[in-house]
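The values are calculated or read from the model by the stated rules, or taken from the named source; none is laboratory data. Note that the coordinates shown come from a computational prediction; the quantities given were computed from them, not determined experimentally. Neighbour counts are summed over all protein chains in view; Cβ atoms, including those assigned to glycine, are modelled from backbone coordinates with ideal geometry.
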Amino acid sequence: MFKNAYIPYGGYFSTPFCKWQGSLQNENAIKLAADTSKRFFEAKGLDSQMIEFLYLGHTIIQPGSFFGASWAANEMGLNIPGMAVSHACATSTNTIYTAAMAVETGNLSTAYCMMFDKISNAPHIVWPNPQGPGGEVLSENVNMDNINRDPSTGFGMLTTAENVAKEGGFTREEADEVTLMRYEQYADALANDRAFQKKYMFPIELKSRKSTLVISEDEGVTATTREGLERLRPVAEGGIHTFGSQTHPADGNTGMIITTKQKATELSTEKIPVQVISYGFNRTKKAFMPAAPAGAVQMALDNAGIGVNDLVAIKNHSPFIANDLHLGKALGIEQSRINNFGTSLVFGHPQGPTIARLLMEGIEEAVIKGGGYVLACGCAAGDSAAAIIVKVG
């Protein structure tokens, strides 16, 4: 259980998430994340020189990734070291955890987590193949090939979701019903001119020689109705998931300061303490990826010394609706308690920053409810998962 690591209230942001091959497809994700972070610090009146170490969370390499953390720091005007953290879809969770551990142990007092990914135009890598006839090479599409095949099992991620759905006895009707609920919950974040999203969302600026394009809202969210969901065919024969009940690839970035209690009090935009409480991890049986978060959540709850009913906000990364269905069934959580105000199923999945955005939404939901424990969790490639709990107020 953590005692010394805090997140300044308001000391975090998420950009809008942009659809695959959309407005961010040709941007270098490292430079864009650094430029956006620099603008965020300036807009909030924060002195970036307080940052001692940069934790860079991403999964899709970009040109310059070899120098990723030091380059990103340099782009922010900082001469500090840093490191990269990568754990597929749980990258944000582990980036924040790693920074919190450094603060908890007193190794540093203020860290910055910069989490990003650009799924659009993911690289194609070629390696020499000594056994290749005629100089044939080994190659990989970093994004698509790994979504479609886990080298440990030979199965793609959709197969893992259908395995969990079959074992859990989840039906197509349940999948559509909860999916529709998720879109309705997301719509709550858009009410009153996006009042909820504006609590944590920071716009992207894309500058050219002639103009500046400002992106303030998510790009790629599909209008969804019950009738529309019912008309969609399952992606896998005999399965429950359609293109409506699984996420879509996206691009975007997030940032979060991790520091001491005293420093967080100084930096917070309101007198609302946000304390990092506990962390959990898990790996489930092979080819059952959406089942992994339940074990990670239970570990985080046990480490915090609380129960699931003590949580005021529950945010679960849901690349497939089976993720939410399993978490609810395994831990006895009503679906209406999960993913209020948004989920990756709806707003898209840039991998690296996804769970950081969910955590921010959970913090803001807790503020509305008067404070309490917030859970952010999610599965990751290799049938694994991570979870983090913070306490607001």
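Specify the residue that is farthest from Tyr183 (Cα to Cα); the eligible residues are those in region 300-339 that are without any contact (Cβ under 8 Å) to a residue 60 or more places away in the chain and of a type in the set (Val, Ile, Thr).
Taking region 300-339 and keeping what is without any contact (Cβ under 8 Å) to a residue 60 or more places away in the chain, we get 302, 307-309, 327-328, 330-334, 337-338.
Next, only the ones that are of a type in the set (Val, Ile, Thr) stay: 308, 333, 338.
On the way: Val308: 24, Ile333: 19, Ile338: 12 Å.
Checked region 300-339; the qualifying residue farthest from Tyr183 (Cα to Cα) is Val308.
Could you identify the single residue in Arg337, Arg357, Arg283 that is under 22 Å from Leu56 (Cα atoms) and basic (Lys, Arg)? Can you show your working first?
Details: Arg337 fails: under 22 Å from Leu56 (Cα atoms); Arg283 fails: under 22 Å from Leu56 (Cα atoms).
Going through Arg337, Arg357, Arg283 in turn, just one is under 22 Å from Leu56 (Cα atoms) and basic (Lys, Arg): Arg357.
Let's see how each residue does on (1) of a type in the set (Asp, Glu); (2) not in a loop (DSSP other than H, G, I, E, B):
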residue	(1), (2)
Met114	no, yes
Asp117	yes, yes
Ser139	no, yes
Ile147	no, yes
Phe155	no, no
Leu158	no, yes
Val164	no, yes
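Restricting the search to region 208-248, which residues are of a type in the set (Ser, Thr, Tyr) and assigned to a loop (DSSP other than H, G, I, E, B)?
The initial filter retains those residues of region 208-248 that are of a type in the set (Ser, Thr, Tyr), namely 208, 211-212, 216, 222, 224-225, 242, 245, 247.
Selection gives Ser208, Ser211, Ser216, Thr222, Thr224, Thr225, Thr242, Ser245, Thr247.
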(request) Select from region 89-112 the residues that are surrounded by fewer than 21 Cβ atoms within 10 Å (Cβ to Cβ) and part of a loop (DSSP other than H, G, I, E, B) and list them in ascending order. (result) Thr105, Gly106, Asn107, Leu108, Ser109
(message) Only one of Leu331, Leu358, Leu327, Leu311 is over 27 Å from Ala84 (Cα atoms) and touching a Cys at 6+ places or on another chain (Cβ under 9 Å). Can you tell me which?
(response) Leu327
(request) Would you please list the contacts, defined by Cβ atoms under 8 Å and residues six or more apart or on different chains, that run from a residue in region 178-193 that is in the same structural domain as Asp324 (by TED's automatic domain parsing) to a residue that is surrounded by fewer than 20 Cβ atoms within 10 Å (Cβ to Cβ) and part of a helix (DSSP H, G or I)? (result) Val178/Gln335; Thr179/Leu229; Leu180/Arg226; Leu180/Leu229; Met181/Gln335; Met181/Ser336
(message) Please verify whether Asp47 is at pLDDT 95 or above, surrounded by fewer than 21 Cβ atoms within 10 Å (Cβ to Cβ), of a type in the set (Asp, Glu) and more than 18 Å from Met115 (Cβ to Cβ), treating the condition exactly as stated.
(response) yes
(request) Give the residue that is surrounded by the most Cβ atoms within 10 Å (Cβ to Cβ), with candidates limited to residues of region 202-246 that are within 19 Å of Ala161 (Cα to Cα) and of a type in the set (Val, Ile, Thr). (result) Ile240
(message) Can you say whether Glu230 is within 24 Å of the chain's Cα centre (by Cα) and modelled with pLDDT of 95 or more, as far as the supplied structure shows?
(response) no
(request) Answer with yes or no whether Ile61 is in a loop (DSSP other than H, G, I, E, B) and in contact (Cβ under 8 Å) with a residue 12 or more places away in the chain. (result) yes
(request) For Phe2, work out the one condition from (1) within 20 Å of the chain's Cα centre (by Cα); (2) outside the structural domain of Tyr112 (by TED's automatic domain parsing) it doesn't fulfil. (result) (1)
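With polar (S, T, N, Q), within 29 Å of Thr224 (Cβ to Cβ) and at pLDDT 95 or above as the only criterion, which of Asn192, Asn146 stands out?
Values: Asn146 fails: at pLDDT 95 or above.
The match here is Asn192.
Would you point out which residue out of Gly252, Gly280 is assigned to a strand (DSSP E or B), assigned by TED's automatic domain parsing to the domain that holds Met115 and not charged (D, E, K, R)?
Numbers: Gly280 fails: assigned by TED's automatic domain parsing to the domain that holds Met115.
Among Gly252, Gly280, only Gly252 is assigned to a strand (DSSP E or B), assigned by TED's automatic domain parsing to the domain that holds Met115 and not charged (D, E, K, R).
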(request) Return the total of residues in region 181-201 being part of a helix (DSSP H, G or I), surrounded by 20 or more Cβ atoms within 10 Å (Cβ to Cβ) and hydrophobic (A, V, I, L, M, F, W, C). (result) 1
